[in-house]
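Data block below; observations after.
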Amino acid sequence: MKIFKEKLGRILVSIALVVVLLVGGVGYTAWYHLFRDVPLTYKSPEEHFKYGSIGTEAAQGIPYWIWLVLPRIFPDKLPGPGGYTSLGITWEEGKETPIGFTKKTIGFPRVGITCAVCHTATYRTSPLEKPQIFPAGPSNKFNSQAYVRFLGAAASDPRFTADYILDEIKYNHEFSWVENLLYRFLIIPQTKKALLQQSADFAWMDSRPNWGAGRIDPFNPVKFNTLKLPKDDTIGNSDMMPIWNQALHKGFALHWDGLETSLKETVQTGAIGDGATKDSLPVADLQRVEDYISELSPPKYPFAIDQKLVNKGSQIFANTCASCHAFGGERTGTVIPVDEVGTDRHRLDMWTQQAADTYNHFGDGYPWDFSQLRKNNGYVAVSLDGLWIRAPYLHNGSVPSLQDLLEKPENRPQTFYRGYDVYDSQKIGFISAGEEAKRVGFKYDTTVAANSNQGHVYGTDLPSDDKKALIEYLKTL
């Protein structure tokens, strides 16, 4: 009997060990394939800015292999040929993702977005030329709204199934049997569910004018989806901004309406607006972004400049523009009342005191807590560094070129096409008319709500020769 009990005990211990090992093995397998967080590190500050994580992958990331094949399965949901590039995304040769998109492993490879997706400028001198790329400049061609809608349309399609997607992934990657099971029964169904939920969360966009290429409603998504404030009827459509040279902008009001005064908070709220959460916000990685944009200079104007005209134009600038737009100008970086500047007020009205108060308490209890968000009554008199590649102009991108900006509002183009990055060195902006601009671009109509090109009449009374000289000088900024 004693021997039997001893044997039984050893058997039970063995069974217990097997159970522990099985449970542990299953747990480890689940952790490894679903939750394992692999740091994403780039030595180069520029590469970090373009491809480094800002914490968006855990909550908003799309499984890389699914994301990669969606344009091949659903080309009919895109605005044209070229896959993701048809949305105005810039893809450097040899890179796994476009500029502004990360590939970070959290259990499995996921794609998130970064600051660079909206803050990278490009230009070409001809349609066949490869784009010149300038990090921290404003994208004039990325259509972020169309990207969100593409993902939602794909997820709503009956073809968004494990069979369709796994068959397409096989052309790029061979899963292990464990990965295949996880993708078939968990990752693909959950991705579909998440994309449909995202589409529902952004359904409010359908009752407002389209953003179009190079524009975004930057804070209604934060109000409605992050802060959970009641949906209103405001329209925040505005141009994407340059974020370079921030060391020289110290003390300036930030964003078009000056709703922030802290660069650190601006970078961190930008990450949250892109999909980072309170718990995923990578403070150290965002500090690298802040350091990079603080020291990065804007690109120099790449075409010929008439120095004689520049000398004349600098005096006109000093007399006409410098107080609001030169570094050291008494009003540069401050908020000018909207009744004075006269530009479209929709972007201003979109941001509310309630939103500012709520956001200032969003991070209570976290080391990165916010306190500097506020409500203003106008738009910032911005510095003009790198002005040549910041077209279209005004806060809502309603004026296609500097030449047009110096015309009285009634003489500015009422409709034009934006999103085409071939440069117009005569008018100082991007080509905004003609068949190719029409084919590639988004039709901008200044009669649509939030698209007005009125206001900012400064310099419009100058003689034509003075305007020409002033523009020549503005090229050098």
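The values are calculated or read from the model by the stated rules, or taken from the named source; none is laboratory data. The shown structure was predicted, so the numbers you read here are calculated from the model rather than taken from an experiment. For neighbour counting, all protein chains shown are included, and Cβ atoms are generated from backbone atoms with ideal geometry for every residue, glycine included. When the accessible area is computed, the model is the full protein with side chains, heavy atoms only, and any ligands, DNA or RNA have been set aside. Shrake-Rupley method; radii C 1.70, N 1.55, O 1.52, S 1.80 Å.
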Checklist line | Charge tally in the Cβ shell below 13 Å around ILE133, where Lys, Arg are +1 and Asp, Glu are -1, ILE133 excluded | finding: -1
Item checked: Most to least accessible of TRP204, TRP31 (protein chains only, probe 1.4 Å) -> TRP31, TRP204
Next item on the list: Lys and Arg at +1, Asp and Glu at -1: add these up for the other residues within a Cβ distance under 14 Å of PRO75 and post the number.
Entry: 0
Check: Rounded to the nearest 0.05, what FRET efficiency do PHE35 and THR334 have when you use their Cβ-Cβ distance and R0 = 45 Å?
Finding: 0.45
Check: So what is the 222 nm mean residue ellipticity for the chain from helices alone, if each DSSP H run of at least 4 adds -39500 (n - 2.57) and you divide by all residues, rounding to the nearest 500 deg cm²/dmol?
Finding: -10500 deg cm²/dmol
Notebook entry, point to check: Roughly how many nanometres apart are two label points built 7 Å out from the Cα toward the Cβ at HIS361 and GLU96?
Noted result: 4.2 nm
Checklist line | Local net charge near ASP239, Cβ-Cβ under 10 Å (Lys/Arg +1, Asp/Glu -1) | finding: +4
Next item on the list: Post the alpha-carbon centroid distance, the range 135-195 to the range 212-248, in whole angstrom.
Entry: 25 Å
Next item on the list: For an R0 of 45 angstrom, estimate the FRET efficiency from the Cβ-Cβ distance between LYS438 and LYS231 and round to the nearest 0.05.
Entry: 0.85
Next item on the list: Count the DSSP beta bridges whose two residues both fall in the chain, then state the antiparallel fraction as a percent rounded to the nearest 5.
Entry: 95 percent
Notebook entry, point to check: Which option, (i) 22.0; (ii) 24.3; (iii) 23.6, is the value of Kirkwood radius over Cα pairs in Å that was calculated from these coordinates?
Noted result: (ii)
Notebook entry, point to check: Roughly how many nanometres apart are two label points built 7 Å out from the Cα toward the Cβ at GLU179 and ASN311?
Noted result: 6.6 nm
Next item on the list: Give me the accessible area per residue for the chain, probe 1.4 Å, as a whole number in Å².
Entry: 46 Å²
Margin query: Over all directions, how big on average is the projection of the convex hull of the alpha-carbon atoms in the range 80-204, in square nanometres?
Written below: 9.3 nm²
Next item on the list: State, to one decimal in nm, how far the label point of PHE327 lies from the label point of ASP461, with both points 7 Å from Cα in the Cβ direction.
Entry: 3.2 nm
Check: By how many nm would the segment from ALA59 to ASN172 grow when fully extended, if each residue of separation counts as 0.36 nm and the alpha-carbon distance is taken off?
Finding: 38.2 nm
Item checked: Accessible-area value, GLU435, 1.4 Å probe, nucleic acids and ligands omitted, Å² -> 140 Å²
Next item on the list: With only Lys, Arg, Asp and Glu charged, each at its Cβ (+1 for the first two, -1 for the last two), find how big the charge dipole of the range 64-103 is about the Cα centre; round to the nearest 20 debye.
Entry: 120 debye
Note to self: Can you give me the angle between helix 64-73 and the longest principal axis of the chain, using Cα atoms only, in degrees from 0 to 90, rounded to the nearest 10?
What the structure shows: 70 degrees
Item checked: Full-stretch length increase - SER371, THR161 - with 0.36 nm per residue and alpha-carbon distance subtracted -> 71.1 nm
Notebook entry, point to check: HIS325: accessible area at probe 1.4 Å, nearest 10 Å²?
Noted result: 40 Å²
Check: So how exposed is SER452, as accessible area in Å² (1.4 Å probe, rounded to 10)?
Finding: 30 Å²
